[in-house]
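Undergrad: Please find one structure pasted underneath; my questions will follow.
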Amino acid sequence: MSRTFSIIKPDATRRNITGAVNAMIEQAGLRIVAQKRIQMTKQQAEKFYEVHKERPFFNDLVSFMTSGPVVVQVLEGDDAVPRYRAVMGVTNPAEADEGTIRKQFAESIEANSVHGSDSDENAAIEIAHFFGDDDIVG
Ligand code: ATP
Ligand code: MG
């Protein structure tokens, strides 16, 4: 059993489809063991996406991630990181497989509805940004 960190992004909260996204997460065999709806600050978004700070889309990405509420989550299951990446689909929804969250719901390569950690190490770091041990109930 392992954990990953998820964000339901502002394009999805705006369209009131957080429940539809969560249904796909649960159908993929992942349990939502922590969850809260927050408004990210510019500072939080800049810190969270620090690895992309030299990329041309960085400022737009920070604006997007702070443009409305997000739902931050901890997901638990067997091979949680790759399992969630598989159900999310690839970054660009135009290239995402049928049956994935991004194929079904994403609006664009930026407004792509969900974030998921890309390694166990990053999952632990990202979870600790938003949740304490007492907030996670498996
Ligand atoms: P995430 O980290 O959000 O789970 P990812 O790992 O599939 O997504 P990354 O390469 O880490 O993709 O990019 C982080 C986010 O930056 C993407 O999810 C998307 O919102 C945005 N992004 C990535 N590439 C582009 C691009 N070429 N133009 C605009 N936005 C982009
Ligand atoms: Mg990423």
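The values are calculated or read from the model by the stated rules, or taken from the named source; none is laboratory data. Computed from a predicted structure; not experimentally measured. Methodologically, a virtual Cβ is constructed for each residue, glycine included, from the backbone with ideal geometry; neighbour enumeration extends over all protein chains shown. Ligands, DNA and RNA are stripped out before the accessible areas are found, and what is left, the full protein with its side chains, is counted by its heavy atoms. Shrake-Rupley method; radii C 1.70, N 1.55, O 1.52, S 1.80 Å.
Undergrad: Looking at the structure I just gave you, is Ala106 surrounded by 14 or more Cβ atoms within 10 Å (Cβ to Cβ) and aliphatic (A, V, I, L, M)? Let's see the steps before the verdict.
TA: Details: surrounded by 14 or more Cβ atoms within 10 Å (Cβ to Cβ): yes; aliphatic (A, V, I, L, M): yes.
When the stated conditions are applied, Ala106 passes them.
Undergrad: Hey, another quick one. Can you confirm whether Ala106 is of a type in the set (A, V, I, L, M), near ligand 1 (Cβ under 10 Å from one of its atoms) and more than 15 Å from Phe5 (Cα to Cα)? Lay out the reasoning, then the answer.
TA: Numbers: of a type in the set (A, V, I, L, M): yes; near ligand 1 (Cβ under 10 Å from one of its atoms): yes; more than 15 Å from Phe5 (Cα to Cα): yes.
Yes.
Undergrad: Given the conditions (1) hydrophobic (A, V, I, L, M, F, W, C); (2) buried (at least 17 other Cβ atoms within 10 Å of the Cβ); (3) within 21 Å of Gly138 (Cα to Cα), and given that Ala12 satisfies all but one, which numbered condition is not satisfied?
TA: (3)
Undergrad: Which count do you get for residues in the stretch 48-73 that are away from ligand 2 (no atom under 15 Å from the Cβ), open to solvent by less than 20 Å² (accessible area, probe 1.4 Å) and without any contact (Cβ under 8 Å) to a residue 60 or more places away in the chain?
TA: Residues meeting the conditions: 1.
Undergrad: Considering only residues of the stretch 90-103 that are in a loop (DSSP other than H, G, I, E, B) and within 13 Å of ligand 2 (Cβ to nearest atom), which is least open to solvent (accessible area, probe 1.4 Å)? So that I can check it myself, show each step before the final result.
TA: If we filter the stretch 90-103 for residues that are in a loop (DSSP other than H, G, I, E, B), which is where we start, we get 90-92, 96-100.
So of that shortlist, the ones also within 13 Å of ligand 2 (Cβ to nearest atom) come out as 90-92.
Details: Val90: 77, Thr91: 72, Asn92: 43 Å².
Across the stretch 90-103, the extreme among qualifying residues is Asn92.
Undergrad: For the stretch 66-82, indicate whether the set of residues that are near ligand 1 (Cβ under 9 Å from one of its atoms) and outside any loop (DSSP other than H, G, I, E, B) is non-empty. It would help to see each step written out before you state the result.
TA: So in the stretch 66-82, the residues near ligand 1 (Cβ under 9 Å from one of its atoms) come out as none.
Looking through the stretch 66-82, none of the residues is near ligand 1 (Cβ under 9 Å from one of its atoms) and outside any loop (DSSP other than H, G, I, E, B).
Undergrad: Considering only the stretch 10-32, I want to know if a residue exists there that is near ligand 1 (Cβ under 10 Å from one of its atoms), free of Cβ contacts under 8 Å to residues at least 24 places away in the same chain, over 22 Å from Ile127 (Cβ atoms) and not in a helix (DSSP H, G or I).
TA: Within the stretch 10-32, none of the residues are near ligand 1 (Cβ under 10 Å from one of its atoms), free of Cβ contacts under 8 Å to residues at least 24 places away in the same chain, over 22 Å from Ile127 (Cβ atoms) and not in a helix (DSSP H, G or I).
Undergrad: Something else now. Take Ala45 and tell me if it is open to solvent by less than 60 Å² (accessible area, probe 1.4 Å), assigned to a loop (DSSP other than H, G, I, E, B), under 19 Å from Asp11 (Cα atoms) and of a type in the set (Gly, Ala, Ser).
TA: Values: open to solvent by less than 60 Å² (accessible area, probe 1.4 Å): yes; assigned to a loop (DSSP other than H, G, I, E, B): no; under 19 Å from Asp11 (Cα atoms): yes; of a type in the set (Gly, Ala, Ser): yes.
Answer is no for this residue.
Undergrad: How many residues are open to solvent by less than 20 Å² (accessible area, probe 1.4 Å), outside any loop (DSSP other than H, G, I, E, B) and within 14 Å of ligand 2 (Cβ to nearest atom) when one looks only at the stretch 116-134?
TA: Qualifying residue count for the region: 2.
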